[in-house]
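Following: one structure in structure tokens, then a few remarks.
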Amino acid sequence: MATPSATPASTPAPASNATPLVMRIIGFCALAHLINDLIQSVLPAIYPMLKANYNLSFAQIGMITLTFQITASLLQPWVGFFTDRKPNPNLLPMGTVCTLIGIVMLAFVGSFPMILLASALVGIGSSTFHPETSRIARLASGGRFGLAQSTFQVGGNTGSALGPLLAAAIVIPFGQTHVAWFGVAALFFLGVTLMLRRWYTEHLNQAKARKAVQATHGISRGRVVAALVVLGLLVFSKYFYMASFTSYFTFYLIEKFGVSVASSQLHLFLFLGAVAAGTFFGGPIGDRIGRKAVIWFSILGVAPFTLALPYADLFWTTVLSVVIGFILASAFSAIVVYAQELVPGSVGMIAGIFFGLMFGFGGIGAALLGYVADLRGIEYVYGLCSFLPLFGVLAILLPSTGKR
């Protein structure tokens, strides 16, 4: 009788013994993610101002995003791989210091190369933040991995939604130097990560014990690798499409409908708010009905709405953008947890790979779409990207891990 009950019993027990502490730590992980992504979202939010101030092309705007995204994406898997084997709680606050330096530099730089350097520093901060904080949230989850990942992720999405709104209120009316006010948020961010570092240090033995967990899903190594490739393709389709919104939605609204910069930022805020809501619901639903079902619905289910968007007027563009953001966002938490179930014991590396793919595909997408926008116009970009969610049909190839 002990054998079948050993695996499930070992997971929920920590949650029942320390639920207030666990939920507090998960909440701080989400708060840290909110601040981190709020700071990062300031960069694309001020693209119209940077474009005007420095006479940048769409391709150069894409290069700024590419620099930030690639810096983060290339380092994240290696950070996760290293800390799976040799945990280092100091990496989290060290990355936060890079973010602080980068955002302060962005307020005072006076050339395109220096903007790229500031973007790279913010990207380095992300490369340490995401895999490490995702690991802490999972460690504090008490076995409710989908809920923990979604709560952590929704903090980031909320920050991404608030960033453009705050930039519209603080930076756009008063100029680039007012980006420095976000340095205050970065200092608070540093304090939160130092607290998380202390908790993580105290729970390293528990983390090492979980690292030794072996796979129980019975899926062959070849099928696991194939499933990870499929997940990577789904992340590609999701974040190439998302790049069209995060980097160019404001330009699309200004060019097609003639709205003001402030109004375009408000529309971006609505989209990113919908992304935050979709992210929150995706994880708990995955805990209940299975990750594969959520992934299938999120990627492929959004296709009818993306295909309709290029032909909509301003009102329906607003409605469709909110629906698209909500549905599309529900996938990422399910993808990360599903991949961690496929490869147990490599929590940091898997988180690093998929957060890295998220940033990498987002950055490459922003650069390529900027180039296409220069050649064919911004409206052409949205017609082209509308077909990307059809990649969701690949979810049929994912094996079942048996997790609910």
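The values are calculated or read from the model by the stated rules, or taken from the named source; none is laboratory data. Note that the structure is predicted; figures quoted are calculated from it, not measured. Every residue, glycine among them, receives a Cβ derived from its backbone with ideal geometry; neighbour counts consider all protein chains shown. Side chains included, ligands, DNA and RNA excluded: accessible areas come from the protein's heavy atoms. Shrake-Rupley method; radii C 1.70, N 1.55, O 1.52, S 1.80 Å.
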message: Between I327, I26, I170, where does the largest GNM mean-square fluctuation fall for the chain, given springs only between Cα atoms within less than 10 Å?
response: I170
- line: Applied in sequence order to region 56-71, the curve 6.51 cos²θ - 1.76 cosθ + 1.60 (Karplus, θ = phi - 60°) yields integer Hz couplings, x standing for Gly and Pro, of 8, 8, 4, 5, 5, 4, x, 5, 4, 4, 4, 4, 5, 5, 5, 4
- request: Give a quick list of chymotrypsin sites (Phe, Trp or Tyr not before Pro) in region 119-198 that DSSP marks as loop, anything other than H, G, I, E or B, with at most 13 other Cβ atoms within 10 Å.
  value: F174
- request: Classify region 24-73 as rounded, prolate or oblate from the Cα gyration tensor: take a ≥ b ≥ c as the square roots of its eigenvalues, call it rounded if a/c is under 1.5, otherwise prolate when a/b beats b/c and oblate if not.
  value: oblate
Karplus-derived 3J(HN,Hα), 6.51/-1.76/1.60, for each residue of region 264-281, Hz, glycine and proline x: 5, 5, 5, 5, 5, 4, 4, 4, 5, x, 5, 4, 4, 5, x, 4, 4, 7
message: Which one, F359, F281, A262, projects farthest toward the positive side of the charge dipole computed for region 250-404 from Cβ point charges (K/R +1, D/E -1)?
response: F281
For F387, residues with placed amide H under 5 Å, excluding near neighbours: none
- line: Taking the chain, the lysine pairs whose C-alpha atoms sit under 17 Å apart (8 or more places apart or on different chains) add up to 4
0 to 90° range, to nearest 10: angle between helix 347-376 axis and the chain longest Cα axis: 20 degrees
- prompt: Which percent of the accessible area of region 121-278 is formed by carbon and sulfur heavy atoms (probe 1.4 angstrom)?
  reply: 68 percent
field: Gained length - L117 relative to E379, 0.36 nm times residue gap less alpha-carbon distance
entry: 91.3 nm
- prompt: Residues with amide H under 5 Å of R144's amide H, sequence separation 5 or more or different chain, H placed in the peptide plane at 1.01 Å from N; which?
  reply: none
field: Whole-number percent relative contact order across region 41-150, with pairs defined as alpha carbons under 8 Å at least 6 apart
entry: 32 percent
task: Starting from the alpha-carbon convex hull of region 75-147, give the projected area averaged over all orientations, in nm².
output: 5.8 nm²
- line: Placing one equal point scatterer on each C-alpha of region 284-404 and summing with Debye, one gets log10 I(q)/I(0) at q = 0.13, 0.15, 0.17 Å⁻¹ equal to -0.61, -0.79, -0.96
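Based on the Cβ-Cβ distance of S220 and W78, what FRET efficiency does E = 1/(1 + (r/R0)^6) give at R0 = 25 Å, to the nearest 0.05?
For R0 = 25 Å, the calculated efficiency reads 0.40.
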query: Hey, how many Å between the Cα centroid of region 117-178 and the Cα centroid of region 37-82?
result: 14 Å
task: Might you tell me the accessible area per residue for region 294-367, computed with a 1.4 Å probe and given in Å²?
output: 28 Å²
- prompt: Per-residue HN-Hα couplings for region 235-243, Karplus 6.51 cos²θ - 1.76 cosθ + 1.60 at θ = phi - 60°, whole Hz, x for Gly and Pro?
  reply: 5, 4, 5, 5, 8, 5, 5, 4, 4
